[in-house]
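Here is the structure we will look at.
The values are calculated or read from the model by the stated rules, or taken from the named source; none is laboratory data. Because the structure is predicted, anything quoted here is derived from the model rather than measured. A quick note on method: Cβ atoms are made from the backbone with ideal geometry, for glycine too, and the neighbour counts reach across all protein chains shown.
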Amino acid sequence: MKNILGLLALTVLFTSCKDKVETPIDYAILSGKITNSNGDFTLSNPADRSFKYSIKLADDGSFLDTLRLDDAVYMMFKDSNVTKLYIEQGSNIIVSADASKFDETLSFKGKGAEASTYITAKEKTRSELTGDQKSFFALEEPSFKAKVIEVESTLTKLLSETKGISEKFAANEKLDLHYEYLSSLNNYSNYHAFYAEKPDYVASESLLAELKNIDYDNKEHYLASSNYKQLVNGHIMEEAQKIMKRDSISFDMANVVAAAEVKDNYIKNDLLFKAANTGITFTGDVKKYYDFFMKESTNDEHKKILTAKYNELKTIAPGQPSPKFVDYENYAGGTTSLDDLKGKYVYIDVWATWCGPCKAEIPFLQKVEKEYHGKNIEFVSISVDNKEDHDKWKSMVKDEELGGTQLFTGDAFKTKFIEDYFVMGIPKFILLDPNGNIVNSSAPRPSDSKLIDLFNQLEI
């Protein structure tokens with residue numbers, strides 16, 4: 001009996017000790033020293049920067065943080081000094097670098113640092129193999145195919161030869177390298193057409209044959225591979241273009257319709273939310289857009305966030321008094337406020353000198369301005385350039401002979417008027433009536449024939 005009781009006691013003790021030892025650690029430690037830095041570093045999600053965390057550096061450049069994050073690759077950066085590192089629960093990574101010669105001095109040590117060392121070596125090796133983007137995509141098909149095969153095999157070999165990497169990271173990374181290969185094939189047509197100056201170029205079916213076998217509904221791959229996620233997003237964008245033409249609807253609406261057709265529920269919800277979180281601020285019919293999202297999404301947290309945004313957007317619904325801007329700098333001299341323009345329709349273009357799509361609209365805007373010159377409408381362009389680009393703004397207005405009323409906020413996107421309209425991307429066009437009320441907070445672009453249709457309906 002004593003032996004039995006003793007055995008039970010030992011079993012309980014062993015089990016208790018085993019449980020204590022195997023209790024998973026739900027945090028990672030990130031520490032180190034970055035000398036000669038002129039400020040703190042930022043840790044973020046490299047895909048969409050939805051997560052941001054400030055790495056506070058002491059006077060001597062040292063830092064120490066305890067992080068509770070998902071196991072993933074993160075980006076740590078300050079200005080042009082950028083590195084990627086893999087952080088997983090239980091790791092204790094020590095980062096060392098001299099900010100004045102960051103790439104040459106960067107190193108990782110400590111528990112779990114091997115994956116980050118591999119990532120740095122991978123980025124360097126890939127760059128050496130492919131050269132710059134132009135040289136890479138300007139290659140003709142046979143050479144390009146050989147090169148992307150070489151890149152995948154070389155990086156896979158580098159991964160297998162790196163000791164100390166966790167099985168989870170190695171498996172996910174090998175998967176991601178293959179999707180990087182497929183992603184390069186997928187991008188080849190458009191990039192080769194541009195860099196090789198062949199505007200009508202289309203890749204051969206044989207080059208793209210492997211793309212036909214991609215399953216766009218694989219949740220496991222979606223969570224594990226950033227390149228797979230990019231391929232899925234690109235596929236949805238292509239489907240949205242087809243739906244837009246098929247159903248004669250706007251791209252923002254077609255984008256959520258395409259996302260809703262995805263079979264896997266997790267991927268579907270993620271794509272719907274990513275599209276709608278910004279798309280709802282662009283769409284012409286906010287209620288229709290919101291109702292569609294609420295019907296299709298099954299993620300309660302996503303619904304809660306979008307409902308809050310929808311309720312805010314009601315403040316800039318048609319018929320509501322427009323938010324006002326006051327004393328914006330006018331290129332012609334002095335300042336201009338929205339109240340100065342009462343009595344006329346006001347078509348507002350929110351833009352910036354660095355924005356390609358904004359500049360693409362300029363010829364169309366100039367044509368519309370000319371056609372409606374002398375009529376009861378004022379064309380106002382509001383630049384959201386940074387303060388330091390003030391001279392660049394003035395030069396562009398002069399050189400491009402931009403017409404209408406050209407205004408500069410002085411605070412980029414942080415001015416209240418821009419925030420009140422929930423401007424999350426540009427160009428953004430807004431149409432107000434002569435009483436200062438909103439006709440459309442997401443008006444058609446000058447390049448869209450629907451703008452003239454709207455003007456005709458209003459008898460401008």
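Does segment 101-117 contain any residue that is assigned to a helix (DSSP H, G or I), among the polar types (S, T, N, Q), touching a residue at least 40 places away in the same chain (Cβ under 8 Å) and buried (at least 18 other Cβ atoms within 10 Å of the Cβ)? So that I can check it myself, show each step before the final result.
Going through segment 101-117, the residues assigned to a helix (DSSP H, G or I) turn out to be 101-105, 114-117.
Now narrow it down to the ones that are among the polar types (S, T, N, Q): 105, 116-117.
Keeping just the survivors that are touching a residue at least 40 places away in the same chain (Cβ under 8 Å) gives 117.
Pick out the ones that are also buried (at least 18 other Cβ atoms within 10 Å of the Cβ) and you get 117.
The answer is yes; a qualifying residue exists.
For segment 278-304, which residues satisfy the criterion of being over 19 Å from Ile438 (Cβ atoms), surrounded by 13 or more Cβ atoms within 10 Å (Cβ to Cβ) and out of contact with any helix residue (DSSP H, G or I) (no Cβ under 7 Å at 6 or more places or on another chain)?
Thr278
Checking Ala209 against (1) in contact (Cβ under 8 Å) with a residue 40 or more places away in the chain; (2) part of a helix (DSSP H, G or I), which single condition isn't satisfied?
Among (1) in contact (Cβ under 8 Å) with a residue 40 or more places away in the chain; (2) part of a helix (DSSP H, G or I), the lone unmet condition for Ala209 is (1).
Being outside any loop (DSSP other than H, G, I, E, B), modelled with pLDDT under 95, among the charged types (D, E, K, R) and not assigned by TED's automatic domain parsing to the domain that holds Met237: is that true of Lys122 here?
Numbers: outside any loop (DSSP other than H, G, I, E, B): yes; modelled with pLDDT under 95: no; among the charged types (D, E, K, R): yes; not assigned by TED's automatic domain parsing to the domain that holds Met237: yes.
When the stated conditions are applied, Lys122 does not pass them.
Within segment 44-78, take every residue that is in contact with a helix residue (DSSP H, G or I) (Cβ under 9 Å, 6 or more places away or on another chain) and assigned to a loop (DSSP other than H, G, I, E, B) and give me the one that is surrounded by the fewest Cβ atoms within 10 Å (Cβ to Cβ).
So the residue we want is Asp48.
Can you tell me which of (1) surrounded by 15 or more Cβ atoms within 10 Å (Cβ to Cβ); (2) among the charged types (D, E, K, R); (3) under 22 Å from Pro46 (Cβ atoms) is the one Glu239 doesn't meet?
That leaves (3) as the condition not met.
Given the structure, is Ser143 small (Gly, Ala, Ser), closer than 19 Å to Tyr201 by Cα and in the same structural domain as Ser204 (by TED's automatic domain parsing)? Break it down into steps so the answer makes sense when it comes.
Values: small (Gly, Ala, Ser): yes; closer than 19 Å to Tyr201 by Cα: yes; in the same structural domain as Ser204 (by TED's automatic domain parsing): yes.
Spelling it out, Ser143 is indeed small (Gly, Ala, Ser), closer than 19 Å to Tyr201 by Cα and in the same structural domain as Ser204 (by TED's automatic domain parsing).
Test Lys287 against the stated conditions and say whether it is out of contact with any strand residue (DSSP E or B) (no Cβ under 7 Å at 6 or more places or on another chain), touching a residue at least 24 places away in the same chain (Cβ under 8 Å) and closer than 18 Å to Leu306 by Cβ. Please lay out each step first, then the result.
Working: out of contact with any strand residue (DSSP E or B) (no Cβ under 7 Å at 6 or more places or on another chain): yes; touching a residue at least 24 places away in the same chain (Cβ under 8 Å): no; closer than 18 Å to Leu306 by Cβ: yes.
So Lys287 does not fit the description; no.
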